[in-house]
Amino acid sequence: MNIFKNARGFWTSIVLAVIFGVIMQFLITGGTLNAFYVNTLFFIGINIILAVSLHLIIGITGQFSIGHAGFLAVGAYASAIITMKLQLPFSLGIMTGGAAAAIAGLIIGIPTLRLKGDYLAIATLGFGEIVRIIFLNMDYVGGASGMTVSHLTTWPWLFGCVLLTILVIVNFTNSTYGRACISIRENEIAADAMGINTTYYKVTAFVIGSFFAGIAGALYAHNFYIIQPTNFGFLKSFDILILVVLGGLGSMSGAVIAAIFLTIISTFLQSYPEVRMVIYSLVLIIMMIYRPQGLLGTREITSFLKAGKSAKGGVSSDSKNTVA
């Protein structure tokens, strides 16, 4: 019975998401949403992909990576080369951006994921800076001046990539691979003692997270008319990290909510450049003081809905035991 309930809930979520996507498409094409709100909507979608992909690495597997902007840059430049230099379709550019970032994640992940804690953070931060410096000195992609890119990112492409990212991460987390990653996060030594190949699962999660960061990079690059290496500095990695920490380490729903919340705040404060970062920082400080575990902690938003239904009913439908 639980299997059917879970399947029904899954398909209901998919249908509601598709309905939302169709409604937004009509609002965009009909001109109901002006360019400012459309651009904000696109930023939210890209940030959701980045937050959810990093959530898999940090929140699920427990690997402290702060080089996510490096994979964003790899995906952005790889896709831009495909569409602008080789004149190939945008769909191929998206897949190439994701594949290039995944390969970069594999190359950096195999040697560095044997490290832990601060050492891993420093290694991934170094990777991000190496990628930025490489593109900064590569004349083929414009160097410091940047690379001109056509505006090809549309709402259907963005919405489809966001939905795909969430579906893959959710199903991965609920699979045996995801349970192995969670066990590594909780206690890597115990997981290794139980026969779990910790390096294999950490690299797998790292590659998947890098792949979706590359897809976000492709969408990010083609949402503007120029990309520059300065857009992918270490501060960008910290911006993505904040989304995951603020939402709650281990909560994908929290990462999504934080991505929406902080993107809206950052966008509407652009008119006040002098105080924008001050207000932005104060929000984070207050949040960390009064809610250090993040918005949702390690829980998903569905758990609150289930708790509400259980409290309302008093007794669960599948059991004769009283729900506490």
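The values are calculated or read from the model by the stated rules, or taken from the named source; none is laboratory data. On a predicted model such as this, the values are computed, not experimentally measured, just so you know. Cβ: placed from backbone, ideal geometry, glycine included. Neighbour counts: every protein chain shown. Heavy atoms of the whole protein, side chains included, go into the accessibility calculation; ligands, DNA and RNA do not. Shrake-Rupley method; radii C 1.70, N 1.55, O 1.52, S 1.80 Å.
Residue-wise test of (1) touching a helix residue (DSSP H, G or I) at 6+ places or on another chain (Cβ under 6 Å); (2) not in a helix (DSSP H, G or I).
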position	(1), (2)
Ile108	yes, no
Gly126	no, no
Phe135	yes, no
Leu152	yes, yes
Trp157	no, no
Cys161	yes, no
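Exactly one residue out of Leu115, Leu33, Leu56 is in a helix (DSSP H, G or I) and more than 30 Å from Gly143 (Cα to Cα): that is Leu56. Look at segment 222-234: where a residue is without any contact (Cβ under 8 Å) to a residue 24 or more places away in the chain and of a type in the set (Ser, Thr, Tyr), no partner that is surrounded by fewer than 15 Cβ atoms within 10 Å (Cβ to Cβ) and assigned to a loop (DSSP other than H, G, I, E, B) sits 6+ places away or on another chain with Cβ atoms under 9 Å. Residues of segment 107-122 that are of a type in the set (A, V, I, L, M, F, W, C), within 17 Å of Val207 (Cβ to Cβ) and without any contact (Cβ under 8 Å) to a residue 40 or more places away in the chain: Ile107, Leu115. Within segment 36-62, the set of residues being open to solvent by 10 Å² or more (accessible area, probe 1.4 Å), more than 30 Å from Glu186 (Cβ to Cβ) and not hydrophobic (A, V, I, L, M, F, W, C) comprises Tyr37, Asn39, Thr40. Thr302: modelled with pLDDT under 75 and not in a helix (DSSP H, G or I), yes or no? In short, no. Going through (1) more than 21 Å from Val162 (Cβ to Cβ); (2) more than 17 Å from the chain's Cα centre (by Cα); (3) of a type outside the set (Lys, Arg); (4) open to solvent by 20 Å² or more (accessible area, probe 1.4 Å) one by one, Thr96 falls short only on (1). Whenever a residue of segment 163-176 is touching a residue at least 24 places away in the same chain (Cβ under 8 Å), its partners that are among the hydroxyl-bearing types (Ser, Thr, Tyr), lying with C-beta atoms within less than 7 angstrom and at least six residues away or across chains, give the pairs Thr165/Ser53.
Set side by side, the residues Ala101, Ala73, Ala80, Ala123 differ, and just one is among the aliphatic types (A, V, I, L, M), within 23 Å of Arg185 (Cβ to Cβ) and at pLDDT 90 or above, which is Ala101. Checked against the criterion of being within 20 Å of the chain's Cα centre (by Cα) and part of a helix (DSSP H, G or I), segment 79-88 contains one or more residues that satisfy it.
A search for C-beta distances below 8 Å between a residue of segment 248-274 that is over 20 Å from Arg299 (Cα atoms) and any residue that is among the hydroxyl-bearing types (Ser, Thr, Tyr), counting only pairs 6+ apart in sequence or on different chains, returns Thr263/Thr40; Ile264/Thr40; Ile265/Tyr280; Ser266/Tyr280; Thr267/Thr40; Leu269/Tyr280. Considering Gly178, Gly146, the condition of being among the small types (Gly, Ala, Ser), under 29 Å from Thr12 (Cβ atoms) and surrounded by fewer than 22 Cβ atoms within 10 Å (Cβ to Cβ) is satisfied by Gly178 alone. Taking (1) under 23 Å from Ile58 (Cα atoms); (2) open to solvent by 50 Å² or more (accessible area, probe 1.4 Å); (3) at pLDDT 75 or above in turn, Leu284 satisfies each apart from (2). Of the residues that make up segment 119-130, is at least one open to solvent by less than 40 Å² (accessible area, probe 1.4 Å), within 16 Å of Gln63 (Cα to Cα), in contact with a Gly (Cβ under 6 Å, 6 or more places away or on another chain) and hydroxyl-bearing (Ser, Thr, Tyr)? Yes, segment 119-130 has at least one match. Would you pick out the residues in segment 229-277 that are surrounded by 21 or more Cβ atoms within 10 Å (Cβ to Cβ), hydrophobic (A, V, I, L, M, F, W, C) and closer than 30 Å to Asp139 by Cα? Scanning segment 229-277 gives Phe232, Ile240.
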